[in-house]
Amino acid sequence: MDTNIRISLESQNPWWFDKPFATGVDRLQYFPEIQQYLPAPECLLLTGARRTGKSTLVYQIIRSLLDRGMKKEAILYLNLDDPLFVSRAKDPGFLRELILGYCAWHEGTERFTICIDEIQNFPYWVATIKTLVDTRPDLKLILTGSTSSILRREISTRLSGRYFFCTVYPLSFAECLGFWGIDNPPILRMRHLFESYLLYGGFPRVVLESKDDLKLEILKNYYETIYLKDIIYPNNVRNNSDLSDVLYYLVSNIATLLSYNRIADTLKIAPDTVKEYIGYAEDAFLLHTIKKFDYSVKKQLANQKKVYCLDTGILNAVAFMFSENRGRLLENTVFIALKKTHGEIYYHKERYECDFLVKVHRKIVRAIQVTEALENPSTRTREIRGLCEAMEAYGLEEGTIVTMHDSGEEMHKDKKIHIMPIYEWLKNTA
């Protein structure tokens, strides 16, 4: 083995030498599916935006395997962001030969766990992983990646039936409380903590940072990194200025209806370019869009979408004045919580509008409105009208209005409406 590669591997795999390695605050408890997938022969792919904690989760998996008695030499970790590995990326056989060489070096080991970070950095990764999965049943492969389109397109066509997906998001509010070492705080303290979560979001490094001004600088850096490494570079974007303008427009208009033509007119670019750039941002996990629900798929595609960001901290660091946009930040927080726990999220809009519909097994099962407060009579009327219309349209007996602090229950005709403060709603949704 090349000396430089050996040195790099030794630094990336400290457990080989019984050295300590950082695993951070435990998050595996929030990912029961990971524990379920580990014994399976299929490879496990952890996806999500950069800096959401995928690498730390891999280290926690490694720690759990060692604690269960797996031999230290049976675990190989490769970070393909390492400049040495990046320099070998043009060699199609590099990754396969490295892994098989390591396994041969430890001949006699019954089963290996091979963890590969930022797998998309190796252009030939799909062929390599397919060969290993098909020919080496003694290998359990755990991969991480930050570019959805590349990973899903390649793996769905070339690795069909050979993989499990798990998406890693920034920390939930419950996870943040765990990171802060806080359990069941009193209500006033809970409100203060949630305000901080709404302002700075849930990226693990930011949550653990004590200096507020530094938090915003870190978040700006994350945004720029995603912009460069996961949007511009993978998609060979040439007009960086247009892309920057589209992204800024989007993050400045979170939780609003999108019109490709209106954005194109505003920014003086083609509607197809706007659509393309939104797709890039979704592939990088930076933005998410949802459709208006309709039983006709054709009509769904024709209607306007709404857009949300993966983290409210990025919104505040890049585009928002926090005090002026609390309602939209609140709606973004509710969307991310729903996205984590439910696959299909839509909005309702007929005569009135309802922010979120949750679809399970071809049926709408939940309707949710989000507003900062209900004290204004016109706001209360608007939110209840939209929610009741959605409940009536989809045969729901109950609906929910999520607010910052309001709580209670109301009956409107035969429909029950639960009014919940966001921190209580998050607790029930997690």
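Couple of notes before you dig in:
- Within the set ALA22, ALA74, ALA49, ALA89, the sole residue that is closer than 21 Å to ASP138 by Cβ and small (Gly, Ala, Ser) turns out to be ALA74.
- Single residue of the range 56-83 satisfying the filter (assigned to a helix (DSSP H, G or I) and open to solvent by 40 Å² or more (accessible area, probe 1.4 Å)) that is nearest to GLU107 (Cα to Cα): GLU73
- Considering residues of the range 258-290 that are more than 19 Å from THR147 (Cα to Cα) and of a type in the set (Gly, Ala, Ser) only, the residue nearest to the chain's Cα centre (by Cα): SER259
- Subset of the range 294-331 [assigned to a loop (DSSP other than H, G, I, E, B) and closer than 27 Å to PHE173 by Cβ]: LEU310, ASP311, ALA319, PHE320, MET321, ASN325
- Residue match in the range 13-20 (condition: closer than 13 Å to ASP117 by Cα and open to solvent by less than 30 Å² (accessible area, probe 1.4 Å)): yes
- Residues of the range 35-53 classified as open to solvent by less than 10 Å² (accessible area, probe 1.4 Å) and under 30 Å from GLU224 (Cβ atoms), total: 7
- Residue within the range 227-239 that is within 30 Å of VAL133 (Cα to Cα) and of a type in the set (Ser, Thr, Tyr) present: yes
- Count - residues of the range 96-111 that are assigned to a helix (DSSP H, G or I) and of a type outside the set (Val, Ile, Thr): 9
- Conditions (1) closer than 25 Å to THR135 by Cβ; (2) open to solvent by less than 20 Å² (accessible area, probe 1.4 Å); (3) among the hydroxyl-bearing types (Ser, Thr, Tyr); number of the one not met by SER8: (1)
- Screening ARG262 with (1) open to solvent by 20 Å² or more (accessible area, probe 1.4 Å); (2) closer than 22 Å to THR312 by Cβ gives one miss only, at (2).
Listed here are the residues, each with its yes/no results for (1) over 29 Å from LEU219 (Cα atoms); (2) basic (Lys, Arg); (3) without any contact (Cβ under 8 Å) to a residue 24 or more places away in the chain.
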{"residue": "LEU46", "(1), (2), (3)": "no, no, no"}
{"residue": "THR52", "(1), (2), (3)": "no, no, no"}
{"residue": "PRO83", "(1), (2), (3)": "no, no, yes"}
{"residue": "LEU95", "(1), (2), (3)": "yes, no, no"}
{"residue": "GLN120", "(1), (2), (3)": "no, no, no"}
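- Here THR289 meets the list (1) within 25 Å of PHE194 (Cβ to Cβ); (2) in contact with a strand residue (DSSP E or B) (Cβ under 6 Å, 6 or more places away or on another chain); (3) surrounded by fewer than 21 Cβ atoms within 10 Å (Cβ to Cβ) almost entirely, failing just condition (1).
- Qualifying residue in the range 387-394 (condition: within 30 Å of GLY202 (Cα to Cα) and either open to solvent by 30 Å² or more (accessible area, probe 1.4 Å) or not β-branched (Val, Ile, Thr) (or both)): yes
- Scope the range 395-419; condition within 18 Å of CYS354 (Cα to Cα), in contact with an Asp or Glu (Cβ under 8 Å, 6 or more places away or on another chain) and either open to solvent by less than 20 Å² (accessible area, probe 1.4 Å) or not acidic (Asp, Glu) (or both); matching residues: ILE401, THR403, MET404, LYS415, LYS416, ILE417, HIS418, ILE419
- Between ASP294, ASP245, the distinction of being over 25 Å from GLU118 (Cβ atoms), modelled with pLDDT of 95 or more and charged (D, E, K, R) belongs to ASP245 only.
- Residue count, the range 9-36 (criterion: in a helix (DSSP H, G or I), modelled with pLDDT under 95 and in contact with a helix residue (DSSP H, G or I) (Cβ under 8 Å, 6 or more places away or on another chain)): 4
- Any hit, the range 1-11, residues being under 21 Å from LEU208 (Cβ atoms) and of a type in the set (Lys, Arg): no
- Residue tally, condition acidic (Asp, Glu), open to solvent by 20 Å² or more (accessible area, probe 1.4 Å) and at pLDDT 95 or above, over the range 319-374: 3
- Pairs, first within 21 Å of ALA49 (Cα to Cα) in the range 314-333, second basic (Lys, Arg), C-beta under 7 Å, six or more apart: ALA317/LYS220; VAL318/LYS220
The values are calculated or read from the model by the stated rules, or taken from the named source; none is laboratory data. Predicted model, so just to flag it, every value in this text is computed and none were measured. Counting neighbours? That spans all protein chains shown, and the Cβs are built from the backbone with ideal geometry, glycine included. Keep in mind that these areas ignore ligands, DNA and RNA; they rest on the heavy atoms of the full protein, side chains included. Shrake-Rupley method; radii C 1.70, N 1.55, O 1.52, S 1.80 Å.
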